[in-house]
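Heads up: the structure comes next, in structure tokens.
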Amino acid sequence: MTKVIDFQTDPSKYRHWKIEYDGPVANLFMDVDEKGGLFEGYDLKLNSYDLGVDIELADVVQRMRFEHPEVKVVVMQSAKDKVFCAGANIRMLGGAAHGHKVNFCKFTNETRNSYEAALAESGQNYICAIKGACAGGGYELALACNHLMLTDDSTSSVALPEVPLLAVLPGTGGLTRVTDKRKVRRDLADVFCSVEEGVRGKRAVEWGLVDEVFPNSKFDEAVVERAREMAAASDKADVEKGIDLTPLERRISEGAVTYSTVEVSLNRDENRARITIDGPDADAPADMAAFTKVGADAWMLRCARELDDAILHLRNNEKELGLIEFQTRGDPARVVAHEALLLDNSDHWLANEVLQYWKRVLKRVDVTSRSLVAIVEHGSCFAGPLAELLWAADRSYMMLEEFDGDNRPLATLTMTDGNFGTYPMGNDLTRLEARFYGTPEQVQTLKDSIGEALDAEGADDLGLVTYAYDDIDWEDEVRLFMEERASFSPDAMTGMEANLRFVGPETMETRIFGRLTAWQNWIFQRPNAVGEDGALQRYGSGVRGKYNMERV
Amino acid sequence: MLDLINVSYDTQIPNNVGLSEDKKVLKALEKWHPGYINWWNDLIPQNFQDSMVYLRTAVSVDPKGWAKFDYVKMPEYRWGVLLAPAVEDRKIPMGEHKGETAWQEVPGEYRNMLKRLIVIQGDTEPGSVEQQKFLGLTAPSLYDMRNLFQVNVEEGRHLWAMVYLLQKYFGRDGREEANELLVRSSGSEDAPRMLGAFNEETPDWLSFFMFTYFTDRDGKMQLESLAQSGFDPLSRTCRFMLTEEAHHMFVGETGVGRTIQATLEAMNANGITDPYDVGKIRDLGVIDLPTIQKKLNLHYTLSLDLFGQEVSTNAANAFNAGIKGRYMEQRIDDDHQLQNDTYPVTSIVDGQIKTEDVPALTAINMRLRDDYVRDAAGGVGRWNKLIAKSGIEFELKLPHEGFHRQIGVFSTVAVDPDGAIMSSEEWMKRQDEWLPTKADGDFIQSLMVPCYEAGKYASWIAPPKVGIDNKPGDFEYVKLHMA
């Protein structure tokens, strides 16, 4: 797989989704192009999907928020006869390298979360109209919607057939959403996840797998009516016009990926990448009207989009770069000012969208299976949303005092109000709450320093960085860390970091990602699924998987 | 001891499965029975329900005399549960369990797969009765009406047979599926039948004959494959159903043949030699041969769709599991496991029709369809002999497999009856040359006037050579109740 997977797309390039806008209701049709697979070797039959289909869906969801804020209800449905969605394409999964499977699942999970949360974050409610077979990843697609309607034609069903059919799990949130979101009784969930053909009609409602069923002849009408009702009942403020998410400025070269505010340099010899973020080079827009006018060019939005794309690019196209180093450059006061405009106007739709987007981007950083380190050099601007990167990272190093021959402004870090609730992690804690899980009173103490440009000593005293080193130690310590990190087993790193990053309470989101990494990835490695005689490998051949019956 | 050859009529349901001693299943079936009778009663117009029809009823599974003929009102027909006699020490004939003793109970691991196959098969049986429910009103003779009803009641019995298996072997799920079989209905918007061909209308008698010839032949192929099943009760059920199915093929083949015969005779009597002189031929009250070809094209291609995707995981799974075999499995000279074999399958590569070898296990559907095509060609040959004998120059042809397909590799390309790929615009423009138009349908419909007088036939169809049960030409096959 040498082809670059590009996460940027736009409606003119869609091959798998169609949208019809009808005032506050958008009808989103899944219509997967069989021949439109991202890679060779499989056809996307029966609305089955691969990463390419999901990249488009993620784009749909993102543009729905920014470009179509007038939309209050999105009805996800199939444009194909007799099938809603057959789930992730099995031949694609069977043929894919383990790393690709994991990244695929992770991205699809993030996309599911993004439209599931669109109601709470943006007032856009995704509901789902299911006609025909809705199986595996297809039902997971539906589960992330907030209201599920199923036609009662005595054939259409919802199903999670992964276990009986493929010897893997419905791991894109399937198991977790069945119990945690739909609150299906666990023994019924056990039955449901063991039968290939799933559950249809009224029983699907009784078990809580869907919200409503309608006779087939009334179904389309009922869906239209339900969507209208929900749009009318929505408390989302009316917004006349969105902004355009214009194409990102991006250059990909052999050793770097360069955006307008983000520079990714690839150090393949030492298996690491550096992401350098440039702070704003101009003052913040005067008000939200000015911000809206600048739109996608506004630093807060542009930077989030570029960072998001950079992370996805590294995850999927640079798998051997096991360490990501975050650096920033610029004036921290300007970062604070740009963020402040949005924080002060958080009831403005676009301010809200941009802040919510930062939240999602930072969550994407949290669940990235690479060692993350923040390097706070002189001349950097770790403030507000950029400061979050310090606490998303597994470790941070900060320059202490003046360095010989370095005339950049002294390294500081600046906390803002945003660091105390605007960008929570998947476990619903702020990164500071997670960092000081054992000493919650410290978080209160930190509030006294909001807005203060803390130097290394101050930051170190408050526990905000791992190490502060001066001129004498800096180079060696940072080099030693990086070399040591590069020598560890990447598997052990992934496991250790995922454990340490998410302290404390479980949420549906942490359960989805946690269960995915722990269980699905284990199962995806086991011979019972992916061995030569395993069920996933043999799927489609007619020959059953051969299992080693020993319980582990 | 149960008498397995002579059907026990001591309960409501004729059977050779010891129902009277199987209280649980008997109860389940008796519960299902009223729904079934309602379904039947709502289906076919009342005056036919009250008519006496000369029908054969399966009374035994003895190959020498399994049926008896008598007048019966259809709702009183005795839909029985009859399994072909057990083969002693039968082995599973194919797949990974080949050579193991056939299963008398459902193996847990294959329960869902078996249930799905039985449900799909079961769903087609009442489907065709529903499609044909109004044909009695336009029957071209009492002989044909009787044949129609014979086919109908036997399809009804086949439904019974599948329902028995569901009730007996699949617990609560099976009972629910049995009920759903009565909920779905052909062409219904709310709950259509599962397969497309069973939701198409059967608007006229030529369609009925084409349907029984082509579509019931798919049923025959499916039953032949299920008759190989390692699940012995399914195998025995299907083997017995096949004895009845043969009559359905017969009705189709002779029905089309007699339609052609009437056309040929009328043309010769009026000195018409050009089969394309459609207007003149139609004026004689018969169906011109080009229109018959179009009907053939339609029904043949709809039936090909019933074989599903050429390369199919489900079919591979079912074969490997020993649940469903191939046509004439025993006569095929291979290892019956197919783990290392290949089979040629058509595919579309760069807009060309190509053949490529794929793992034979995954090509089970393709193979069955190939067998079907050969089987279906036989009757067409016999029809052509009739035409040749008349001296009229015309030949009926099975169109190319890629023509007019909705399912499988050909569904994405437009192919003409000779197998040439063309643009879909071109195809749409020319489809009236190949498929019946509304005008063709209207014309056929105009001929569909009932002929209820014993021994008489509508203009467009010739009398049969011999009667059913060797009855004479003027035999009153249906004593119509005309209240």
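Worth pointing out:
- Dividing the radius of gyration of the alpha carbons in region A:83-237 by their Kirkwood radius gives 0.98 for Rg/Rh.
- Note on residue B:429: lysines with a C-alpha under 17 Å away, same-chain residues under 8 apart excluded, are B:294, B:438.
- Span from the region A:439-473 Cα centroid across to the region B:152-169 one, whole angstrom: 78
- DSSP bridge analysis restricted to region A:119-271 gives an antiparallel fraction near 45%, rounded to the nearest 5.
- Using the 1.4 Å probe convention, the accessible area of chain A works out to 41 Å² per residue with neighbouring protein chains retained.
- Alpha carbon Rg of region B:87-238, scaled by the compact-globule rule 2.2 N^0.38 Å: 1.14
- Full-extension gain in nm, residue B:449 to residue B:189, via 0.36 nm per residue minus C-alpha separation: 90.7 nm
- Site pair residue B:31 and residue A:82 shows an inter-label distance of 3.2 nm when each label is modelled 7 Å from Cα along Cα→Cβ.
- Working note: Cα atoms of region B:272-395, range along each principal axis, descending, whole Å: 58, 37, 20.
- Heavy-atom accessible surface of the protein assembly as shown: percent carbon and sulfur, 1.4 Å: 49
- Residue A:72 long-range amide H proximity, modeled H, under 5 Å: A:25, A:26
- Whole-Å semi-axes of the ellipsoid equivalent to region B:91-458 (Cα gyration tensor, √5λ, descending): 36, 25, 18
- Pairs beyond 19 Å (Cα-Cα), from A:18/A:45; B:220/B:389; A:106/A:359; A:101/A:131; A:241/A:293: B:220/B:389; A:101/A:131
- The Cα center of region B:234-289 and the Cα center of region B:56-85 differ in position by 28 Å.
- Antiparallel bridge percentage (DSSP; both residues within chain A; nearest 5): 35
- Computed from protein heavy atoms with a 1.4 Å probe, the total accessible area buried between A and B is close to 1900 Å².
- Bridging of residue A:183 to aspartates and glutamates at a Cα separation below 14 Å is possible for A:206, A:211, once same-chain residues fewer than 8 apart are set aside.
- Whole-number percent relative contact order across chain B, with pairs defined as alpha carbons under 8 Å at least 6 apart: 19
- Computed E for residue A:439/residue A:265 - FRET, C-beta separation, R0 30 angstrom, nearest 0.05: 0.25
- Cα gyration tensor shape of region B:188-235, rounded if a/c is under 1.5, else prolate or oblate by comparing a/b with b/c: oblate
- Label-to-label distance, residue A:217 versus residue A:3, with points set 7 angstrom from Cα along the beta-carbon direction: 4.7 nm.
- Straight-line reach from residue B:73: taking Cα to Cα under 12 Å and skipping same-chain neighbours fewer than 8 places apart, the aspartates and glutamates in range are B:50.
- Using only the C-alpha atoms, the convex hull of chain A corresponds to 155 Å³ per residue.
- Under 18 Å from a label point set 7 Å out along the Cα-to-Cβ vector of residue A:428, the amide N atoms of region A:337-361 belong to A:360.
- Take every pair of alpha-carbon atoms less than 8 Å apart whose residues are at least six positions apart; their mean separation over the length of region A:250-499 yields a relative contact order of 17 percent.
- Within region B:175-211, the residues that become at least 40 Å² less accessible when every protein chain is included than when their own chain is isolated (1.4 Å probe; DNA, RNA and ligands ignored) are B:189, B:190.
- Pairs of alpha carbons in the protein assembly as shown whose separation is greater than 57 Å (percent): 27
- Extension gain, residue A:21-residue A:499: 0.36 nm per intervening residue step, less the Cα-Cα distance, totals 167.8 nm.
- Minimum 40 Å² accessible area buried by the other protein chains, region A:516-552 residues, probe 1.4 Å, relative to alone: A:540, A:542, A:543, A:544
- Normalised per residue, the accessible area of region B:91-458 is 36 Å², obtained with a 1.4 Å probe and no contribution from ligands, DNA or RNA.
- Relative to the current alpha-carbon distance between residue B:426 and residue B:442, full extension at 0.36 nm per residue lengthens the span by 3.3 nm.
- Fraction of the pair-distance distribution of region B:98-163 above 19 Å, Cα-Cα pairs, percent: 51
- Rel. contact order, % - alpha carbon contacts under 8 angstrom, at least six apart, region B:180-285: 21
- DSSP-defined beta bridges in region A:11-233 - what % are antiparallel, rounded to 5: 25
- Burial of 50 Å² or greater, region A:139-158 residues [accessible area, probe 1.4 Å, versus chain by itself]: A:154
- For region A:492-552 and region A:269-344, distance of Cα centres in Å: 34
The values are calculated or read from the model by the stated rules, or taken from the named source; none is laboratory data. None of the values given here were measured: they were computed from a predicted structure. Cβ sites come from the backbone with ideal geometry, for glycine too, and all protein chains shown count toward neighbours. Side chains included, ligands, DNA and RNA excluded: accessible areas come from the protein's heavy atoms. Shrake-Rupley method; radii C 1.70, N 1.55, O 1.52, S 1.80 Å.
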